[in-house]
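**Student:** First the structure, then my questions, so here it is.
The values are calculated or read from the model by the stated rules, or taken from the named source; none is laboratory data. Everything numeric here is computed off the predicted structure, so don't read it as measured data. Virtual Cβ from ideal backbone geometry, glycine too; neighbours counted across all protein chains shown. Areas reflect the complete protein model, heavy atoms only, side chains present, ligands, DNA and RNA absent. Shrake-Rupley method; radii C 1.70, N 1.55, O 1.52, S 1.80 Å.
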Amino acid sequence: MTTICFIRHGQTNWNKQGKLQGKTDIPLNDTGRDQAQACGKYLHAHNYDILICSPLLRAKETADIINQHLHLPIIKMDDFKERSFGDAEGLTMEERKHRYPSGHFPNQEERVDFNQRVMTGVEKVNEQYPQQRVLLVAHGAVINAILAEVSNGEIGSGKTSLMNGCISNIHLKEQTWHIKDYNQVGHLQ
């Protein structure tokens, strides 16, 4: 059975300020580094075969800190980059509501394209690492899109606020992905 353990990257200053990051490449702040350390200490190398991450700095840095504890092979995959929010990147919620009251941001990656990209990534992981236990460090919108697809919209995008450093697990059983748990943060206490 293929399993994927998703970890949302640690906090950045833009997360703390409520700014939309998207594909803007923002590093972790000290809290984010502490969250990544907590993940690394909590996870056990014998439970995973490979570590995959988004190539964006905040995810890559989180993965590197976690991997100081696990020493797994690490692969970067573009499929798991955060959604591009176009002209809204760098804006707070209030600024976005003021500039774009419709909620549609110019030059953003369309949701259907984004969802297709990340789910294609999940299928690539299953094809390239069948029956393996994958640790995957990515972004809030990425993980939420996957959770929404797997749960038929019951959780995920628009419904679930994933915490920085949270853990969510899915597994493939009889050709169908299932959610084991999501937004787990006990290891961050």
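**Student:** Order 30-39, 123-132 from most to least packed using the mean count of other Cβ atoms within 10 Å.
**Tutor:** 30-39, 123-132
**Student:** Per the 1.4 Å probe, what fraction of the accessible area of the chain, in percent, lies on carbon and sulfur atoms? If you can, show how the numbers build up before the last one.
**Tutor:** On the way: 4270 of 9240 Å².
C and S fraction of accessible area: 46 percent.
**Student:** What whole number of Å gives the distance from the Cα centroid of segment 19-95 to the Cα centroid of segment 111-132?
**Tutor:** 18 Å
**Student:** Expressed in nm to one decimal, what extension gain is obtained for the pair HIS69 and ILE179 from 0.36 nm per residue of sequence separation less their Cα-Cα distance?
**Tutor:** 37.0 nm
**Student:** Counting DSSP beta bridges with both partners in the chain, what percentage is antiparallel, nearest 5? Before the final figure, lay out each step's value.
**Tutor:** Values: 13 of 26 bridges.
In the chain, DSSP labels about 50 percent of beta bridges as antiparallel.
**Student:** Compute the Cα gyration tensor for segment 1-44, then decide on rounded, prolate or oblate, letting a ≥ b ≥ c be the square roots of its eigenvalues: rounded whenever a/c is under 1.5, prolate when a/b is larger than b/c in the other cases, and oblate in all that remain.
**Tutor:** oblate
**Student:** How would you rank 62-70, 156-164, 101-109, highest first, on the average number of other Cβ atoms within 10 Å across their residues?
**Tutor:** In descending order of packing, they fall as 62-70, 156-164, 101-109.
**Student:** Compute the Cα gyration tensor for segment 70-189, then decide on rounded, prolate or oblate, letting a ≥ b ≥ c be the square roots of its eigenvalues: rounded whenever a/c is under 1.5, prolate when a/b is larger than b/c in the other cases, and oblate in all that remain.
**Tutor:** Prolate shape, in that a/c is at least 1.5 and a/b is the bigger ratio.
**Student:** Once you have a ≥ b ≥ c as the square roots of the Cα gyration tensor eigenvalues for segment 1-96, tell me rounded if a/c is under 1.5, and otherwise prolate or oblate according to whether a/b is larger than b/c.
**Tutor:** Prolate.
**Student:** How much mean residue ellipticity at 222 nm does the chain get from its helices, if each DSSP H run of length 4 or more adds -39500 (n - 2.57) and you divide by all residues, to the nearest 500 deg cm²/dmol?
**Tutor:** Details: 6 runs with 68 residues, N = 189.
-11000 deg cm²/dmol, from helical runs alone.
**Student:** While we're here: Which whole-Hz ³J(HN,Hα) couplings does segment 32-37 yield from phi under the Karplus relation 6.51 cos²θ - 1.76 cosθ + 1.60, θ = phi - 60°, glycine and proline marked x?
**Tutor:** Along segment 32-37, the couplings run x, 5, 5, 5, 5, 4 Hz.
**Student:** Using label points projected 7 Å from each Cα along Cα→Cβ, tell me how many nm separate ASP34 and THR120, to one decimal.
**Tutor:** 4.0 nm
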